[in-house]
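Q: Structure provided below as structure tokens; questions to follow.
The values are calculated or read from the model by the stated rules, or taken from the named source; none is laboratory data. Predicted model, so just to flag it, every value in this text is computed and none were measured. Ideal geometry is used to build each Cβ from the backbone, glycine not excepted, and the neighbour counts take in all protein chains shown. SASA here: full protein model, heavy atoms, side chains in, ligands and nucleic acids out. Shrake-Rupley method; radii C 1.70, N 1.55, O 1.52, S 1.80 Å.
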Amino acid sequence: MQLEEILYKHFGHRSFRPGQKEVIERLVDGKDVIALLPTGMGKSLCYQLPGYLFNAPVLIVSPLLSLMQDQVTQMKLLGEKRVIALNSFLNQQQKQYALNYLHQYRFIFISPEMLLQQQVKERLKQLKLSLIVVDEAHCISQWGFDFRPDYLRIGELFDYENRSPILALSATATNKVLGDIKSYLKMNNPFQYIHSVDRPNLHLSKRLFQHHEDKVEWIINHVLETEGPGIIYTQSRTKAESISNLLLNVGISVASYHAGKETLDRQFIQQQFLEGTIKWIVATNAFGMGVHKDNVRQIIHHTIPSNIANYMQEIGRAGRDGNDALAILLYAEGDEHFAKMLATDDLPSEHHVHLYENYRLRNENPHNMFQNEEISETAFRVLDYWMNQETSAFVLQRLNKMRIDKMQDVNEMMKFVQTEDCMRKVLVQYFGQPLESRPNNCCEVCGIQYDQIINQRQIEEIPIENNSWKKRIESILIGN
Amino acid sequence: MIFQTLVLKLLQEFNGERTVSAVYHLLRGKRSGQTIQDVGIFRLHDFFGLLPKLNRKIFDDQINLLKDHQYINILPDNRYKLTVSGLSRLKNTVKLSFDGWHYRGNEHIFFARLSLIVQTLSHQRKGDMKFIPIQQNEVVQHWVKNFLKSNQFDNGQFQETLLEEIVSSLEQLTNDDREKTIVVKRLGGMKQPGFTWQQISLHENLTEMDVQLLYIACLHSWIDEITSIEGKYPLLSKIAHQVRIELPLTDSANQTAQLFKKGYSIDEISIIRKLKTSTIEDHIVELAMNDRNFPYQNFLNEKDVQNVLNAIENYQTKQLKILREVVPNLSYFQLRLVLARGD
Ligand SMILES: Nc1ncnc2c1ncn2[C@@H]1O[C@H](COP(=O)(O)OP(=O)(O)OP(=O)(O)O)[C@@H](O)[C@H]1O
Ligand SMILES: [Mg+2]
Ligand SMILES: [Zn+2]
């Protein structure tokens with residue numbers, strides 16, 4: 001069957017988007033592939049379609065539990081039943097069952113941590129896979145060193161003769177990150193499909209403020225005057241709560257979204273946002289990958305993200321329908337200090353390194369550091385990984401370097417904030433690419449007029465449900 | 001305000017004989033000997049495990065608030081005392097129908113099942129079975145799938161039957177409509193998503209915590225109603241299957257109880273189970289609290305019991321130390337048994 005036929009049969013699309021066919025054809029030829037396609041371009045299809053070409057499971061390594069869950073749900077919506085997520089949500093019994101029947105699935109999603117469990121490793125060794133996918137592959141270098149070291153080990157696992165091809169997907173990889181991906185995954189002279197990271201329909205604005213507090217006031221006025229749907233990104237749960245409450249009080253239909261929300265609430269928020277009853281979401285970076293609303297018109301950053309890649313991912317939620325969208329970055333003097341603090345907060349310190357050594361000297365399991373609440377879980381994971389790789393002197397150097405790198409990332413972000421050159425150009429150049437052309441209303445520096453990109457707010461009553469509980473349950477269950 | 005009243009009321013119930021943390025452990029349903037004994041001693045079954053995920057900071061914030069309002073004074077060692085205005089704050093507050101002891105957070109399992117069933121039925125009725133399940137937990141999804149299949153949910157009448165059960169059982173409850181509304185707002189269906197806590201809190205002009213407490217109270221009475229008479233609500237009682245805990249013992253206490261019922265003595269059980277006698281005694285106290293037919297006469301005679309009850313009355317205390325001084329012929333274990341009876 002022609003690839004186009006399969007595309008239509010299983011996904012209902014008439015034609016491929018740029019890159020998709022090229023990538024799939026190489027995979028069919030058995031080559032390793034790195035595909036860099038901008039946010040929302042359709043990276044998932046590059047591994048979904050091959051699932052229907054080969055007669056063996058596709059393994060997808062995916063970074064976030066929520067993202068994985070979402071990918072599985074999306075596949076099931078497409079009518080695919082042979083799909084499973086192997087992650088820490090499964091209990092031992094479910095896991096065993098899944099492992100026994102692993103060969104019968106078409107798509108197997110898995111977290112790097114799960115991938116490295118002995119039991120799982122052994123099973124995977126016996127299994128013939130048709131394709132190994134690493135989604136959001138920039139995580140290898142963005143998270144591997146200082147957050148989730150297991151990312152660095154994925155490659156070890158597939159380092160054998162005659163392994164199936166590896167596909168690495170990302171929207172936001174610099175040349176350095178591309179290098180990390182290639183070497184840590186031990187890829188074999190991969191074919192690279194690099195699309196421009198630029199999204200011409202996203203228009204880039206920034207606003208500078210004297211005082212931190214002024215930003216919230218500006219947000220309220222802006223949201224009162226312009227039309228969503230939109231997402232407001234901020235740095236903490238409390239901020240997300242307080243900004244959303246302020247907006248609620250002026251009659252905006254808005255919800256806060258962060259890692260502290262219970263899952264049912266998250267579902268309701270996503271549903272209402274998709275449906276349009278919620279117009280705005282005030283979120284921490286927990287809201288992002290895996291949100292499938294294609295008509296988001298505005299992204300507002302209440303605080304600067306800790307690096308450019310995150311910024312790209314976050315503004316990438318907007319304009320997925322191809323229509324114009326506006327991204328506004330707010331900055332007040334001194335914001336970068338806070339961003340730096342946040343970015344380096346969870347790195348192990350020199351003190352931790354010495355503690356670790358002391359535990360070793362006492363012949364006590366260093367893991368107790370974490371039990372004794374002397375270190376956070378993340379920091380311990382990172383410290384433990386490196387202490388088992390190299391001497392403490394090297395670890396100290398390495399940690400120091402990580403800290404400097406993270407600060408440097410914020411500085412890069414600041415360059416973007418402060419540039420007097422085209423913002424789009426700075427952004428694209430950060431990823432080592434030339435800027436090919438500039439759209440109208442390109443950016444704050446080139447000149448931008450909001451009213452040519454977004455609409456005025458249509459004031460509509462928020463429909464409050466005045467139905468009695470009896471009416472409501474009746475209408476849910478049997479309509480009318 | 002509801003949460004505030006609740007915490008204040010529990011502080012009052014503990015009568016200043018514990019630290020403020022006792023209230024926290026009680027609400028979280030900590031399965032430790034101390035907390036479980038306290039439940040019996042102070043008759044706090046209704047409140048045990050109401051908020052299994054209660055965050056310490058939120059609790060501490062509330063304690064500070066109570067202090068700032070001068071409803072309580074904080075004494076050394078994390079102890080406290082209710083003030084006069086604290087006591088009057090507790091007058092004429094609404095009573096909520098909690099039954100924590102028998103649910104301990106399991107009410108959320110009931111609701112998770114129900115909400116996925118309702119969502120599925122809503123989509124089925126409208127002929128569109130492609131939807132994202134609002135419950136992501138695989139165990140719940142699996143359970144619901146089996147439930148729907150084994151009850152022929154697509155027979156065309158299923159929605160009506162379930163609706164009828166939901167409406168008539170909720171109507172039986174004396175809880176006010178506000179509570180029922182909150183519960184139903186957490187349900188959703190096709191093109192009718194449920195509401196978030198933040199939204200309901202805005203609708204009802206209550207804090208999110210208070211909304212959740214009303215919700216829990218309503219679920220408790222609802223499941224009580226559903227499970228009270230067998231066969232009255234055939235579908236709902238299946239959905240509530242094994243949600244209510246009938247003999248709520250810890251696993252270890254349960255093993256002890258089995259041996260005890262076979263007639264082994266405390267010492268014998270302690271040898272068999274290789275546990276300290278004090279631990280076995282804890283288990284026996286736990287059993288006494290839960291089992292209405294507990295054979296007290298094995299350990300105490302009527303006169304002893306009466307003496308202890310008098311002491312509690314005369315000294316206005318349930319502190320074991322003081323009771324021990326007043327009734328020195330009884331052991332701590334015997335005293336705890338009397339308190340476990342809760343009369
Ligand atoms: N060939 C195609 N024709 C039409 N629509 C497509 C095609 N391929 C993908 N899409 C649609 O594009 C949307 C985005 O796809 P996808 O989630 O794979 O993007 P992504 O590149 O992974 O984005 P992100 O970087 O945010 O993860 C989906 O709704 C998908 O159905
Ligand atoms: Mg993707
Ligand atoms: Zn520009």
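Rundown of residues vs (1) open to solvent by 20 Å² or more (accessible area, probe 1.4 Å); (2) under 20 Å from A:Gln74 (Cα atoms); (3) near ligand 1 (Cβ under 9 Å from one of its atoms); (4) more than 14 Å from every other protein chain (Cβ to nearest Cβ), yes/no style:
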{"position": "A:Arg17", "(1), (2), (3), (4)": "yes, yes, yes, yes"}
{"position": "A:Glu22", "(1), (2), (3), (4)": "yes, no, no, yes"}
{"position": "A:Glu25", "(1), (2), (3), (4)": "yes, no, no, yes"}
{"position": "A:Asp32", "(1), (2), (3), (4)": "no, no, no, yes"}
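Q: While we're looking at this one, here's another question. If you take just the helices (runs of 4 or more DSSP H) that sit entirely in region A:363-480, which of them hold at least 1 residues that are outside the structural domain of A:Gly228 (by TED's automatic domain parsing) and touching a residue at least 60 places away in the same chain (Cβ under 8 Å)?
A: It comes to A:377-387, A:392-418.
Q: To continue, here is another question. Can you tell me which residue is nearest to the other protein chains (Cβ to nearest Cβ) among those in region B:166-189 that are assigned to a loop (DSSP other than H, G, I, E, B) and open to solvent by 30 Å² or more (accessible area, probe 1.4 Å)?
A: The residue in question is B:Asp176.
Q: Ok, one more. Have a look at A:His211, A:His222 and point out the one that is away from ligand 1 (no atom under 16 Å from the Cβ) and part of a helix (DSSP H, G or I).
A: A:His222
Q: Further, regarding this structure: Here's a check for you: in region B:132-160, which residue that is away from chain A (no Cβ under 12 Å) and in a loop (DSSP other than H, G, I, E, B) is surrounded by the most Cβ atoms within 10 Å (Cβ to Cβ)?
A: For region B:132-160, the residue satisfying everything is B:Asn151.
Q: Let me ask something additional. Say we look at region A:300-342 and pick out the residues that are away from ligand 3 (no atom under 16 Å from the Cβ), among the acidic types (Asp, Glu) and farther than 14 Å from A:Leu208 by Cα; which of these is farthest from the chain's Cα centre (by Cα)?
A: Of everything passing the filter in region A:300-342, A:Asp321 is farthest from the chain's Cα centre (by Cα).
Q: Now for a different question. Exactly one of these conditions fails for A:Glu213: (1) touching a strand residue (DSSP E or B) at 6+ places or on another chain (Cβ under 7 Å); (2) open to solvent by 70 Å² or more (accessible area, probe 1.4 Å). Give me its number.
A: Result: A:Glu213 passes all but (1).
Q: Name every residue in region A:253-274 that is open to solvent by 40 Å² or more (accessible area, probe 1.4 Å) and either closer than 19 Å to B:Trp197 by Cβ or touching a residue at least 60 places away in the same chain (Cβ under 8 Å) (or both), in order of residue number.
A: Correct list: A:Ala259, A:Gly260, A:Glu262, A:Thr263, A:Arg266, A:Gln270, A:Gln271.
Q: Would you check if there is a residue in region A:45-61 being without any contact (Cβ under 8 Å) to a residue 40 or more places away in the chain, within 16 Å of ligand 2 (Cβ to nearest atom) and assigned to a helix (DSSP H, G or I)? If you could, list the steps in order and put the result at the bottom.
A: Residues of region A:45-61 that are without any contact (Cβ under 8 Å) to a residue 40 or more places away in the chain, as a first pass: A:45.
Next, from what is left, pick out any that are within 16 Å of ligand 2 (Cβ to nearest atom): A:45.
Remaining after also requiring assigned to a helix (DSSP H, G or I): A:45.
Looking for residues that are without any contact (Cβ under 8 Å) to a residue 40 or more places away in the chain, within 16 Å of ligand 2 (Cβ to nearest atom) and assigned to a helix (DSSP H, G or I), one finds at least one in region A:45-61, hence yes.
Q: Taking the condition of being among the basic types (Lys, Arg), within 26 Å of B:Glu107 (Cα to Cα) and modelled with pLDDT under 90, how many residues in region B:224-283 meet it?
A: Summing the residues that are among the basic types (Lys, Arg), within 26 Å of B:Glu107 (Cα to Cα) and modelled with pLDDT under 90 in region B:224-283 gives 1.
Q: Among the residues of region A:17-44, which ones are more than 21 Å from the chain's Cα centre (by Cα) and either more than 16 Å from ligand 2 (Cβ to nearest atom) or among the β-branched types (Val, Ile, Thr) (or both)?
A: A:Lys21, A:Glu22, A:Val23, A:Ile24, A:Glu25, A:Arg26, A:Leu27, A:Val28, A:Asp29, A:Gly30, A:Lys31, A:Asp32, listed by residue number.
Q: Still on this structure: I'd like the full set of residues that are at pLDDT below 95, open to solvent by 70 Å² or more (accessible area, probe 1.4 Å) and of a type in the set (D, E, K, R), limited to region B:68-105.
A: Selection gives B:Asp77, B:Arg79, B:Lys81, B:Lys91, B:Lys95.
Q: Could you list all residues from region B:114-131 that are more than 7 Å from chain A (Cβ to nearest Cβ), in a helix (DSSP H, G or I) and either open to solvent by 30 Å² or more (accessible area, probe 1.4 Å) or in contact with a Cys (Cβ under 9 Å, 6 or more places away or on another chain) (or both)?
A: B:Gln124, the sole residue that qualifies.
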